[in-house]
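Chemist: Dropping the structure in here first, questions after.
The values are calculated or read from the model by the stated rules, or taken from the named source; none is laboratory data. Remember, predicted model here, so these are calculated numbers, not experimental data. Cβ atoms come from the backbone with ideal geometry, glycine included; neighbour counts cover every protein chain shown.
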Amino acid sequence: MAARIQDLYGTPLAELKAHAQSQPPGMLAALLAMHHDLAFAEQSITFHRDRLTELVRPERQIGAHEASHVLDCARQLAVAVAVRDVQAKAASGVLQSLGRVAAPEAPPAPVPTEPAVPAAPAPAANAARSR
């Protein structure tokens, strides 16, 4: 996601973060918030996976008390994965809907045209009838 944001804006993420702080909320701020939330969800997954691994080490005894901790940690891991998946899907959808706008090209030089020949005035129909 970070690479896609950088490609979209053509600037490194650190510079974009600094720039967004001095601007009113907009698309860049929203994208950076999505990136932050996705990174937090990944950290949560890592934390709960490591905690679950610790809780079920082969040398640990698992009784009723420990089993409740294993179950709670597994639930929290499942929630973290679901949050990450939703964040990733939303961010992906937003990023796919956006495209980098190319700098406008200079307008083409006007092509000189020959001056138009004025049309001959039409005879006045009313003037001929009135005579």
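Chemist: Can you report the number of residues in the stretch 7-24 which are surrounded by fewer than 16 Cβ atoms within 10 Å (Cβ to Cβ) and either closer than 15 Å to V94 by Cβ or in contact with a Pro (Cβ under 6 Å, 6 or more places away or on another chain) (or both)?
Modeler: The number of residues fulfilling the criteria is 1.
Chemist: Quick one: what pairs do we get from the stretch 49-69, first residue within 21 Å of A80 (Cα to Cα), second surrounded by 12 or more Cβ atoms within 10 Å (Cβ to Cβ) and of a type in the set (D, E), C-beta under 7 Å, 6+ apart or different chains?
Modeler: Listed pairs, sorted by first residue: L55/E66.
Chemist: Out of V79, V94, V101, I need the residue that is modelled with pLDDT under 95 and either surrounded by 10 or more Cβ atoms within 10 Å (Cβ to Cβ) or in a helix (DSSP H, G or I) (or both). Which one?
Modeler: From the options V79, V94, V101, the qualifying one is V94.
Chemist: In addition: Check whether at least one residue in the stretch 29-43 is farther than 22 Å from K89 by Cα and surrounded by 12 or more Cβ atoms within 10 Å (Cβ to Cβ), and report yes or no. Walk me through it before giving the result.
Modeler: Our first condition is that a residue be farther than 22 Å from K89 by Cα; within the stretch 29-43, this holds for none.
No, every residue in the stretch 29-43 fails to be farther than 22 Å from K89 by Cα and surrounded by 12 or more Cβ atoms within 10 Å (Cβ to Cβ).
Chemist: Answer with yes or no whether V86 is modelled with pLDDT of 95 or more and surrounded by 10 or more Cβ atoms within 10 Å (Cβ to Cβ).
Modeler: Answer is no for this residue.
Chemist: Let me ask you something else. Within the stretch 53-76, can you find the residues that are more than 28 Å from A91 (Cα to Cα) and part of a helix (DSSP H, G or I)?
Modeler: Those that are more than 28 Å from A91 (Cα to Cα) and part of a helix (DSSP H, G or I): T53, E54, L55, A64, H65, E66, A67, S68, H69, V70, L71, D72.
Chemist: What residue, of D37, D7, D85, is in a helix (DSSP H, G or I), in contact (Cβ under 8 Å) with a residue 60 or more places away in the chain and of a type outside the set (K, R)?
Modeler: D7
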